[in-house]
Amino acid sequence: MNLIRNEQVLLKLNISIAHVFQVTVEVVWSDGKPVPEAKVVIRNKNGQILNTDVTEKNGIFITSLAEGSYAVEVSHKDLSENANRTITGETTISFTFNASLRRYILTVEVTGDNAVPVNGALVVVESDGDVISSSQTNGGIVTFNLKDGVYNVVVTLNSEQEEKVVVLDRDTLLSMPFQKGVPPELSMSVLVLLGAIITACFGAWCIQKRRQKGLQF
């Protein structure tokens with residue numbers, strides 16, 4: 001007699017559910033101002049890059065990470081900071097840069113007639129009456145690496161000068177056009193000549209009209 005035995009096999013599966021949390025990276029200056037466009041790099045515990053992006057205008061970058069350990073690095077121009085964090089819930093990671101190290105690029109563009117770039121123009125940057133830096137244009141462009149603040153920019157080309165005040169609170173392009181205008185004395189001469197021509201033409205027209213009517217002078 002053949003006996004058939006039914007065997008029940010029970011499989012146990014260990015399924016772990018990864019919890020994902022919102023992570024906010026905040027980058028500010030020591031005076032409280034946000035740092036926009038700071039580069040953010042997030043790596044896992046093995047050093048693999050998981051995410052890279054930049055902060056918004058408010059100095060904040062938001063992402064989602066699974067529970068675990070991470071290395072977060074932020075950089076802005078030549079400044080950088082890093083931190084290791086273990087994520088177990090919604091987390092905000094804050095970084096602060098020294099505001100005294102905050103610098104921006106001021107680009108001065110000097111052009112002549114028809115917006116043609118001008119070489120060799122002398123550009124002087126002043127602050128509170130003191131000369132901070134100076135240089136000459138190359139290809140119509142010269143750049144300065146300056147602290148944030150208010151500056152007076154003076155451009156000298158041949159015997160002409162132009163100046164502008166700029167509030168530097170971000171990387172800034174300042175256009176300084178030099179266009180050859182008509183000298184005031186020449187403008188007056190042209191106006192006088194034009195007036196004489198108009199008067200003469202009008203007189204000739206009047207004479208012609210009277211002759212046509214048979215009038216005698």
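Considering only the other residues whose Cβ falls under 14 Å of the Cβ of residue 92, what net charge follows from Lys and Arg at +1 and Asp and Glu at -1?
Around residue 92, the surrounding residues sum to -1.
Can you pull out the GluC sites (Glu not before Pro) in segment 38-137 whose DSSP state is coil and whose Cβ has at most 16 other Cβ atoms within 10 Å?
The qualifying sites are 56, 67, 90.
Taking H placed 1.01 Å from N in the peptide plane, check which residues at least 5 places from residue 171 or on another chain put their amide H under 5 Å from its amide H.
Amide H neighbours of residue 171, under 5 Å, 5+ apart: 105.
Taking the Cα-to-Cβ direction at residue 196 and at residue 147 and moving 7 Å from each Cα, how far apart do the two end points lie in nm?
Distance between label points: 6.1 nm.
Order these by the 10 Å Cβ neighbour count, fewest first: 147, 45.
45, 147
Please report the net charge: other residues with Cβ closer than 13 Å to the Cβ of residue 176, K and R +1, D and E -1.
-3
Report, by chain and number, residues whose modeled amide H sits under 5 Å from the one on residue 56, excluding near sequence neighbours (fewer than 5 apart, same chain).
For residue 56, whose amide H was placed from the backbone, the distant partners under 5 Å are 37, 61.
Among 19, 76, rank each residue by its count of other Cβ atoms within 10 Å, from fewest to most, as a rough exposure measure.
Fewest-to-most ranking of 19, 76: 19, 76.
In Å and from the alpha-carbon atoms only, list the Rg and Dmax of segment 20-100.
Looking at segment 20-100, its Cα Rg and Dmax stand at 12.1, 38 Å.
What whole number of Å gives the distance from the Cα centroid of segment 104-140 to the Cα centroid of segment 29-54?
Between the Cα centres of segment 29-54 and segment 104-140 lies a distance of 34 Å.
Only the coordinates and a few stated rules stand behind these numbers; no lab work does. Worth saying up front: this structure is predicted, and the values here are computed from it rather than measured. For neighbour counting, all protein chains shown are included, and Cβ atoms are generated from backbone atoms with ideal geometry for every residue, glycine included.
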